[in-house]
1. Just subtract the alpha-carbon distance of residue B:492 and residue B:473 from 0.36 nm times their residue separation and send over the number in nm, one decimal.
2. Distance check, please: which entries in B:330/B:466; B:336/B:412; B:385/B:455 exceed 21 angstrom between their Cα atoms?
3. Under the Karplus relation 6.51 cos²θ - 1.76 cosθ + 1.60, θ = phi - 60°, what is the ordered set of whole-Hz ³J(HN,Hα) values for the range B:8-17, x standing for Gly and Pro?
4. Run lengths n ≥ 4 of DSSP H only: what is the helix-derived mean residue ellipticity at 222 nm for chain A, with -39500 (n - 2.57) per run over all residues, to the nearest 500?
5. Give me the net charge of residue A:92's neighbourhood, meaning all other residues with Cβ under 14 Å from the Cβ of residue A:92; Lys, Arg count +1, Asp, Glu -1.
6. Once label points are set 7 Å from the Cα along Cα→Cβ at both residue A:66 and residue B:442, what is their separation, rounded to one decimal in nm?
7. For residue B:437, which sequence-distant residues (separation of 5 or more, or a different chain) have an amide H within less than 5 Å of its own amide H, given hydrogens modelled in the peptide plane?
8. Which residues' amide hydrogens lie under 5 Å from the amide hydrogen of residue A:62, considering only partners 5 or more residues apart or on another chain, with H built in the peptide plane?
Amino acid sequence: MNIENTKAQMRKGILEFCILSLLKDKDCYTSEILDMLKDVKLLVVEGTIYPLLTRLKNDDLLSYRWEESTSGPPRKYYKLTDQGESFLKELALTWNELSNAVKLITEKQLNDE
Amino acid sequence: MNKTVTINIAGLFFHIDEDAYVKLSDYLDAIKNSLNTEGKEEIISDIESRIAEIFSEKIDPKTGVISMIDVENIIQIMGQPEDYRLDDENESQGESNQYKKEDNYTQRQRKLFRDPEKRVLGGVLSGLANYFGIDVVWIRVLFILLIFVYGSSIIIYPILWIIIPKAKTVADILEMKGEPVNISNIEKQVRENIDQLGNNIKNIDTNKIKAVGVTAGEVIKKIIGITCMFFGILGMIGSFIMLFVLNGFTNANFNNFPLHEIVNIGYPVWYGIAAIFTSGFIPFLIIFLVGLKCLYKNIKYVGLISILLGFIWAIAIIFFTVIMIEIESKNDLIRKYIDDTTKVTVVKKSLDHVANDTLNIDFIRDPRFYGINDSLSNDKIFIEKDEVEIEIKSTTNTNAYFEIITEASYSKSSSIEINNNYGKTSFTETPTMLEYYSKINNNNIEFANAILTEKNNMDKYDNSVKIILYLPYNKIIRINSDNQRYFEYQHQINSGLHYYKLIDDKLECTNCN
């Protein structure tokens, strides 16, 4: 089993949740989202993000608007829709349950060893 | 030195080195190929605007040109084409259901597509080969063989071409090959595609290659090409078979075939064989080359080679013609010599003494054939060499008579020998012939049923005997044709002992069934 592959799978799984969480407080443009995700090492290559954003937008969880930029091409600012907010709430609940479960399991395993 | 092109990404202008441009354009194509989702265009434009953003940040203000290194950095940041695929697509719920369904039920089951990668015409046969999982060569062989079964493949092929869809997307190609549509396979396929495109990219826009279908002209050209190659190969194989057959015949004495005559006039026999082979082989080789040219445009000098081959062909033909003319004039000479030396004798024998009786004609073996007490010996002095011809004619005389016409002549081979060794004038010997045996005993007539020749002279002479029997109308004769070997009749004679009557120049049997 390829460890890099597994790691990538794990990251990709929670990527959606993280993007929605980032947009909870303020609207961001693509590069901002990329930078934040890269800072916390959740993203290795940028490629993954584009299809994901498009899908979230197509699923009406996100909306966007164009804004002019002084230093480059116009920027796409993403915003969480109402539907996105409720989706995020549910995801957050699930995440809490999951992280608790993972914590319990892994800690138990560690204690046993 | 490097050529620079100007590109427009997300509305911004950049100068970019040509090689870097090619790389970038390849990369974007590869991403396009790996994406399978809706909103593909939107994703690409997002990616392009991100690339523009990075370029405008990192561009070297001195030169203002984007280099290969910049493009490589971009790819480093953005990731490989497979990174763009959301591999949880199959598991995800909701809107992407459509894809889920499609992907699930086609997995591992081969689908029939035309294979554009390995196509000769429409890719039908390579598609079938993929579907059945066997090498395409066998399918092609089968289809060529099917041409001979009432030309069925000529009808089947276009129908299959119309009804089988072409494999267009990466997913199609994987389904066609029966590989599951998953990320690693798509990645593999996309790499292969990039390699393939990379070869063509220098001159032609990659998108154009995909867009251009097979035009009618191309198809006709290919059909002509395949046909030409097929018949060319067939002809060339045939020529080689002929070469071996002729070689085998070199030693055989073939009267109607000019090979040994070539030797007779003093040329080595392979002159003739080479000339015949060349004049047969070259046209097929040219047909084959033309076919090859129709199929593969990059083959050069076909015209030039064909002209050269044509010259060689013409030389072979001229050479062969000259040989044949020499043979003919030599043959004329020999024929004339044979005619000049032939000794003709006509012996007429009257049958007046059997005026009112029935004539009994018997064909027997020449009594000289068996010497005394040597009927069991194989060492005979004589052989029965040639046939005797008999003709029955009507006469207004009241009585019957017959003529024996004998012609003693040299055989062709001995004439050639005489001409080559002695010269006509110095050779005074004339052809000889044993006397033809016939016996009249009252109304019984015996004829020898073959021309007897001394064994020693067997090849030297070419003798002939013709008997003409003149009969008055309504004269009845009895012919015993039990021993008729080597005997040639002009009239229809039944085997056995029968009575015949001459009516209206036709010999009619009076007691046959």
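1. Value of the extension gain: 5.1 nm.
2. B:330/B:466
3. For the range B:8-17, the Karplus-derived couplings read 10, 10, 6, x, 10, 9, 9, 9, 9, 4 Hz, x marking Gly and Pro.
4. -21000 deg cm²/dmol
5. With Lys, Arg at +1 and Asp, Glu at -1, the net is -3.
6. 13.5
7. Amide H neighbours of residue B:437: B:448.
8. A:57, A:81
Quick note: the coordinates plus some simple rules give every number you see, no bench work behind them. Only a predicted model underlies this, so the values are computations on that prediction, with no experimental measurement involved. Glycine also receives a Cβ, built like all others from the backbone with ideal geometry; neighbour counts cover every protein chain displayed.
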